[in-house]
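To start, the structure itself, in structure tokens.
The values are calculated or read from the model by the stated rules, or taken from the named source; none is laboratory data. Predicted model, so just to flag it, every value in this text is computed and none were measured. Every residue, glycine as well, gets a Cβ built from its backbone with ideal geometry; the counts of neighbours run over all protein chains shown.
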Amino acid sequence: MANVQDVDRLDLERYVGMWFEVGRLPLRFEDDDARDVTAEYSLNDDGTVQVDNRCLNAQGEPTQALGEAKPDPDHSALLQVSFLPSALRWIPFTRADYWVLKIDPAYRRALVGTPDHKHLWLLSREPRIDPQVEADFLAEAERRGFDLTEWIRPAQSGRRVEV
């Protein structure tokens, strides 16, 4: 299996903001039929990143998961994310590695995955992307050893879910 390699440099100030989930590998904590999936990132004063994930679940009900990402001090494309309540985030081994694997120069599309090849997301600043751009990003994921057999493309209305 190919090694997972992150981007050489990530400008967190350009990376923060709203992203629409164009596609993902299945997740145990997100319905396969979830739609209007978004991730909004904002910088905290301490250098961490607030993560605000929202969607409509399979029953059409709004859901939200709030988390925190800690960028590696030497390599900001390597993020350690926790969705535990803030009072419990100090517990060792409760953060997951989320690596930015590919990002376009305009910071409009990003491929984010885990080094164990279990999780992968294609994110975009717009709810839909050009099919050729998607194909290019997914081909890169396959080159890096991700199995896209169960790839999910959630429906996107272009709106942010209110909770």
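Quick notes on this one:
- Here is the figure for segment 94-123: residues that are surrounded by fewer than 20 Cβ atoms within 10 Å (Cβ to Cβ), on the phi < 0 side of the Ramachandran plot and among the hydroxyl-bearing types (S, T, Y) total 2.
- Candidate set from segment 143-152 (those that are of a type in the set (D, E, K, R) and within 24 Å of V7 (Cα to Cα)); member that is surrounded by the most Cβ atoms within 10 Å (Cβ to Cβ): R144
- Every residue from segment 121-162 that is farther than 20 Å from P105 by Cα, among the hydrophobic types (A, V, I, L, M, F, W, C) and in contact with a strand residue (DSSP E or B) (Cβ under 6 Å, 6 or more places away or on another chain): F146, W151, I152, A155, V161
- Of all residues in segment 68-79 being out of contact with any Leu (no Cβ under 8 Å at 6 or more places or on another chain) and crowded, with 17+ Cβ neighbours inside 10 Å, the one that is farthest from D97 (Cα to Cα): E68
- Qualifying residue in segment 107-122 (condition: within 13 Å of Y15 (Cα to Cα) and part of a loop (DSSP other than H, G, I, E, B)): yes
- Qualifying positions in segment 124-142 - of a type in the set (S, T, N, Q) and surrounded by fewer than 11 Cβ atoms within 10 Å (Cβ to Cβ): Q132
- Residue check, D52 in contact with a strand residue (DSSP E or B) (Cβ under 8 Å, 6 or more places away or on another chain), at pLDDT below 95, at negative phi and not hydroxyl-bearing (S, T, Y): no
- Conditions (1) within 21 Å of P26 (Cα to Cα); (2) at pLDDT 95 or above: number failed by R144: (2)
Quick grid of which residues meet (1) of a type in the set (D, E, K, R); (2) more than 12 Å from the chain's Cα centre (by Cα); (3) within 24 Å of A135 (Cα to Cα):
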residue	(1), (2), (3)
E13	yes, yes, no
V22	no, no, yes
L25	no, no, yes
R28	yes, yes, no
A39	no, no, yes
D46	yes, yes, no
A58	no, yes, no
P71	no, yes, no
D74	yes, yes, no
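- Near pairs, Cβ below 7 angstrom, 6+ apart or cross-chain, from segment 26-37 (touching a residue at least 12 places away in the same chain (Cβ under 8 Å)) to any residue that is of a type in the set (A, V, I, L, M) and not in a strand (DSSP E or B): D31/A58; D33/A58; A34/A58; R35/A155; D36/V161
- For segment 99-126, a residue qualifies if it is more than 13 Å from the chain's Cα centre (by Cα) and of a type in the set (A, V, I, L, M), and exactly one does: A106.
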